[in-house]
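Engineer: Questions regarding the structure given below will be posed in turn.
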Amino acid sequence: MRRLTVEELYRRCDRALFDFKTTDELPPFDGTIGQDRALSAIDFGLSLDSTGFNIYVLGESGTGKTSTIRALISKKAEREPVPPDWCYVYNFKDPDTPLAISLKPGQGVEFQREMEELINSLKVEIPKVFESKEYEKQKGRILEEFQKRQKELFAGLEEEAASKGFAIRRTVGGFLIVPIKKSGEPLSEEEFQSLDDRTKKKVEEIGRALQEKLDDVVRTLRGAEKLVKELLKRLEREAAISVLGHLIDEMKDKYRGNEKIINYLDNVKEDILEHLEDFKASSEEGAPALPFLKMPKQEPTFLRYAVNVIVNNGALSGAPCVFESNPTYYNLFGRIEHKFQYGVAVTDFSMIKAGSLHKANGGYIVINALDLLRNLFSYDALKRAIRNREVKIEDIWEQYRLVTTAMLKPEPIPLNVKVILIGNPYIYYLLYNLDEEYRELFKVKADFDNRMERSEKNILKYATFIATKSKEEKLLPFDPTGVAKIVEYGSRLAEHQEKLSSKFSEISDLIREAHYWAKKEGSEIATEAHVEKALSEKFYRHNMMEEKLREMMAEGTLIVETSGERVGQINGIAVLDLGDYSFGKPSRITTTVYTGKAGVVNIERETKLSGKIHEKAILILTNYLGSRYATRRPINLSASITFEQLYGLIEGDSATCAELYSLLSAISGVPIRQNIAITGSMDQNGNVQPIGGVNEKIEGFFELCRLRGLDGTHGVIIPQRNVKNLMLRRHVVDAVREGRFHIYPIEHVEEGIEILMGIPAGECRPDGTYPEGTLNYLVEKRLTEIREALKEKKKEEEENNGGAGKRG
């Protein structure tokens with residue numbers, strides 16, 4: 001039997017690789033360690049501008065996905081052009097649809113300021129123009145001509161009316177022709193009725209003729225009045241243009257080539273000319289209708305001329321990089337805010353606020369996939385924005401309201417952004433297999449590995465990472481022994497002597513904890529001892545459950561024997577994973593065999609405490625038994641296998657070898673050493689297969705044996721293929737070095753028989769029999785005895801049935 005040497009249990013890091021005294025001498029590390037595949041995929045996705053080549057970065061937590069993406073896109077964005085500013089302005093033709101205008105970086109704020117200055121200037125200059133002597137002179141000339149024409153028309157008609165005994169009187173309803181007496185007083189109704197019929201008829205005819213002439217004069221005056229208003233309006237426009245025209249022309253000249261701004265400025269100019277009254281000097285507030293009630297004066301609003309800059313890229317030196325930590329719908333796509341006036345919610349284009357996609361437009365946006373899926377509407381809306389290449393600002397709840405309200409519909413903004421989702425592999429494959437749109441929109445997969453090769457190059461990168469982390473966080477420097485110990489811990493995390501873990505979040509935590517213990521000790525350098533202290537303290541903080549179970553085993557509450565021999569009983573080892581800590585738990589496996597035809601019964605399966613993989617392992621075990629001992633004659637056997645004192649579900653196949661040994665012991669009657677535990681799965685041919693958690697399993701049984709006292713006979717049998725996964729703790733390695741504990745690797749199940757039972761397995765001879773004194777001989781012998789016993793029983797039953805028939 002072969003026992004593993006100390007060198008095979010723990011691969012030390014050669015301290016001679018490091019040519020520094022402390023990590024302070026090392027340059028800072030810039031880059032990502034051991035993720036060549038992921039880096040290549042990210043570079044491909046970032047460099048390809050075609051539609052749909054957005055990136056999903058997947059990998060386990062702590063592998064540096066976010067920090068790597070942050071560094072890569074920040075570096076790439078520096079070399080890319082700054083995208084334009086975006087602003088919303090009032091739409092004079094359709095006020096409910098604000099217009100989106102793009103400008104060169106930094107020009108958005110300039111345009112906003114220029115528009116503000118324009119309106120402030122017009123508020124001062126337009127009233128001055130209307131108060132000027134020239135304007136008053138031209139206005140007076142127009143009014144004088146109108147009044148002169150009015151007097152001429154009325155004077156001629158008044159003379160004609162007076163000559164015919166009539167006069168023109170103004171009333172609330174307009175002008176009237178009324179008959180008058182010689183004294184000039186109007187003729188009363190009684191006086192008119194007292195006239196004879198001929199005179200009344202004549203007065204009525206003359207009055208009717210004069211009234212028609214008066215109506216003609218009034219119509220003429222109204223036309224003249226309308227003309228006067230048009231002339232005054234034209235005068236006002238010309239006066240305002242004298243101030244406004246060159247200001248607008250200067251702005252149009254500055255933004256020549258931007259068709260949207262040119263059209264907008266033309267609309268602004270026309271709107272100002274249509275609302276010149278808003279710019280005129282305010283008159284005194286009129287007297288209130290009721291003396292005791294003072295009505296507020298309605299101030300004109302100039303908000304429609306404002307510019308709402310939602311994206312200002314003037315301060316950027318490259319493409320934007322946005323990391324959205326809370327991807328709600330409104331945080332991604334923007335919102336339209338409201339304010340309450342007199343109990344009513346009101347809004348306008350100036351209350352449109354940008355979202356992360358607006359700010360990332362022309363650059364990159366990074367979103368956590370799980371956070372995106374957690375937020376209602378966000379995922380579907382993001383896909384729609386990528387597919388349509390535009391971002392809309394909408395009230396997403398509008399479709400769910402019982403009563404619709406008038407809302408703004410801002411013009412969509414063209415979208416050109418590289419979307420990078422970060423998440424775990426489960427979400428990636430879930431989306432890829434269930435969402436067809438996802439496959440078309442996120443075509444680049446950047447897979448971060450949790451392990452890398454333990455090469456000299458990567459070991460030195462580990463050292464520079466430790467140096468960089470120490471300098472960034474102002475931690476103590478590490479000497480070569482401390483760095484080597486952290487490298488070895490990286491192999492322990494990777495569960496492989498030839499690999500290193502790329503979970504740098506856990507490596508960083510160990511660096512910080514080692515710094516703490518070194519600082520507490522008063523040391524100026526963190527060494528191997530401080531790293532060991534950090535690891536032992538970390539285990540101590542998390543292993544209370546392990547110690548409680550071990551105490552129960554030591555006091556006999558949980559029965560696990562570590563001395564003596566038992567028939568049909570063996571120590572298996574399971575791994576309990578609590579999430580933050582996993583450890584090995586020895587378990588007692590027992591088997592009973594009796595005459596019958598039930599075959600191998602898995603008690604856990606019968607009680608529904610067995611998982612599918614464990615059930616498969618029992619079937620493999622049964623088939624191995626048949627291939628070994630039933631090549632010539634069938635096996636007639638009833639056996640039951642169980643994990644004693646197991647009260648939860650058991651899953652996995654790592655106890656298959658232990659269950660087989662227990663079964664062979666029960667059949668043959670050969671006892672099994674209880675001071676040795678075993679772990680390992682097997683195939684139908686008896687080849688031992690590797691299992692997971694081999695370090696925790698060995699350490700779990702070792703701690704129990706150490707608690708009861710190591711005597712040099714204790715040990716663990718493991719698969720030979722798991723030797724490369726061994727990175728055991730120091731006290732286990734020391735015990736093996738001192739000969740107080742042993743680890744046996746096996747490649748075939750028969751190799752473990754002599755270790756556990758003290759007799760050889762036995763090779764099958766040409767005649768199909770096994771040599772005496774071997775386990776296989778004893779198993780074959782017992783199976784033959786059971787088979788013969790069943791035949792005798794069957795013969796007796798047949799004879800009894802035959803005798804009963806004759807008597808009948």
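Engineer: Could you name the lysines whose alpha carbon sits less than 25 Å from that of residue 795, not counting residues in the same chain fewer than 8 places away?
Structural biologist: Within reach: 597, 781, 806.
Engineer: In the range 649-808, what % of DSSP beta bridges are antiparallel (nearest 5)?
Structural biologist: Of all bridge pairs located within the range 649-808, approximately 25 percent are antiparallel.
Engineer: Applying a 10 Å radius around every beta-carbon, put 660-668, 258-266 in order of their mean neighbour count, most first.
Structural biologist: 660-668, 258-266
Engineer: Separate question: Quick check: from the Cα gyration tensor, does the range 504-582 come out rounded (a/c under 1.5), prolate or oblate?
Structural biologist: Judged from the Cα gyration tensor, the range 504-582 comes out prolate (a/c at least 1.5, a/b above b/c).
Engineer: Ok, one more. What is the P(r) of the range 318-395, as percent of Cα-Cα pairs per 10 Å bin from 0?
Structural biologist: For the range 318-395, the pair-distance distribution reads 18, 46, 25, 10, 1.
Engineer: Just for the range 331-465, what percent of DSSP beta bridges are antiparallel, to the closest 5?
Structural biologist: So the antiparallel bridges in the range 331-465 amount to around 60 percent.
Engineer: Report the local net charge at residue 609: Lys and Arg +1, Asp and Glu -1, summed over other residues whose C-beta lies under 13 Å from its C-beta.
Structural biologist: In short, -2.
Engineer: Let me ask something else about it. Can you tell me which of 118-131, 60-73 comes out highest on packing, and rank the rest after it, using the mean Cβ neighbours within 10 Å?
Structural biologist: The densest-packed peptide leads the list: 60-73, 118-131.
Engineer: On to the next question. Sort 597-607, 511-521 for me by packing, meaning the mean count of neighbouring Cβ atoms within 10 Å per residue, highest on top.
Structural biologist: 511-521, 597-607
Engineer: Do the sum for the chain: with -39,500 (n - 2.57) for every DSSP H run of n ≥ 4, divided by all residues, what is the mean residue ellipticity at 222 nm, to the nearest 500 deg cm²/dmol?
Structural biologist: My calculation for the chain gives -15500 deg cm²/dmol from helical runs alone.
Engineer: Kindly sort 429, 10, 56 by accessible area of their heavy atoms, largest first, with the probe set to 1.4 Å.
Structural biologist: 429, 10, 56
Engineer: Can you say what percent of the DSSP beta bridges in the chain, counting only those with both residues inside, are antiparallel? Round to 5.
Structural biologist: For the chain, the DSSP antiparallel bridge percentage is about 60.
Engineer: Which entries of 104/254; 461/533; 418/445; 612/697; 75/461 show an alpha-carbon separation above 18 angstrom in the structure shown?
Structural biologist: 461/533; 612/697; 75/461, as the Cα separations exceed 18 Å there.
Engineer: Around residue 390, which amide H atoms from residues at least 5 apart in sequence, or from another chain, sit under 5 Å from its own amide H, with H modelled in the peptide plane?
Structural biologist: Here 415 satisfy the definition.
Engineer: With a 1.4 Å probe and all protein chains kept in place, how much accessible area does residue 575 have, in Å² rounded to the nearest 10?
Structural biologist: My reading of the accessible area for residue 575 is about 60 Å².
Engineer: Which whole-Hz ³J(HN,Hα) couplings does the range 773-782 yield from phi under the Karplus relation 6.51 cos²θ - 1.76 cosθ + 1.60, θ = phi - 60°, glycine and proline marked x?
Structural biologist: x, 10, 5, 4, 4, 5, 5, 4, 4, 5
Engineer: Let a ≥ b ≥ c be the square roots of the eigenvalues of the Cα gyration tensor of the range 689-808; is it rounded (a/c under 1.5), or, if not, prolate (a/b larger than b/c) or oblate?
Structural biologist: prolate
Engineer: Let me ask another. Dividing the Cα convex hull volume of the range 296-357 by residue count, how many Å³ per residue is that?
Structural biologist: With only Cα atoms used, the range 296-357 gives 124 Å³ per residue.
Engineer: Another question, if that's okay. Write down the radius of gyration of the range 448-593 and its Dmax, each obtained from C-alpha positions, in Å.
Structural biologist: For the range 448-593, the Cα-based Rg and Dmax read 19.7, 66 Å.
Engineer: I need the shape label for the range 654-726. Rule: rounded when a/c is under 1.5, else prolate if a/b > b/c, else oblate, with a, b, c from the alpha carbon gyration tensor.
Structural biologist: Here the range 654-726 falls in the oblate category.
Engineer: Can you tell me which aspartates and glutamates have their Cα less than 19 Å from the Cα of residue 794? Leave out same-chain residues fewer than eight positions away.
Structural biologist: 785
Engineer: Tell me, how many Å apart are the Cα centres for the range 569-606 and for the range 448-483?
Structural biologist: Value for the Cα centre distance between the two parts: 42 Å.
Engineer: Next question. For mean projected area of the Cα convex hull in nm², the listed values are (1) 43.4; (2) 35.4; (3) 73.2; which was obtained by calculation from the structure presented?
Structural biologist: For mean projected area of the Cα convex hull in nm², the calculated option is (3).
Engineer: Rounded to the nearest Å, what's the spacing between the alpha carbon centres of the range 212-276 and the range 101-149? Just the number, please.
Structural biologist: 11
Engineer: Distance between the C-alpha centers of the range 354-381 and the range 657-708? Whole Å please.
Structural biologist: What the calculation gives is 52 Å, centre to centre.
Engineer: What are the principal axis extents of the Cα atoms in the range 1-147, in Å, biggest first?
Structural biologist: That gives 130, 40, 22 Å along the principal axes, largest extent first.
The values are calculated or read from the model by the stated rules, or taken from the named source; none is laboratory data. Everything quoted here is computed from the prediction, not taken from an experiment. Cβ sites come from the backbone with ideal geometry, for glycine too, and all protein chains shown count toward neighbours. Accessible surface areas use protein heavy atoms only, side chains included; no ligands, DNA or RNA. Shrake-Rupley method; radii C 1.70, N 1.55, O 1.52, S 1.80 Å.
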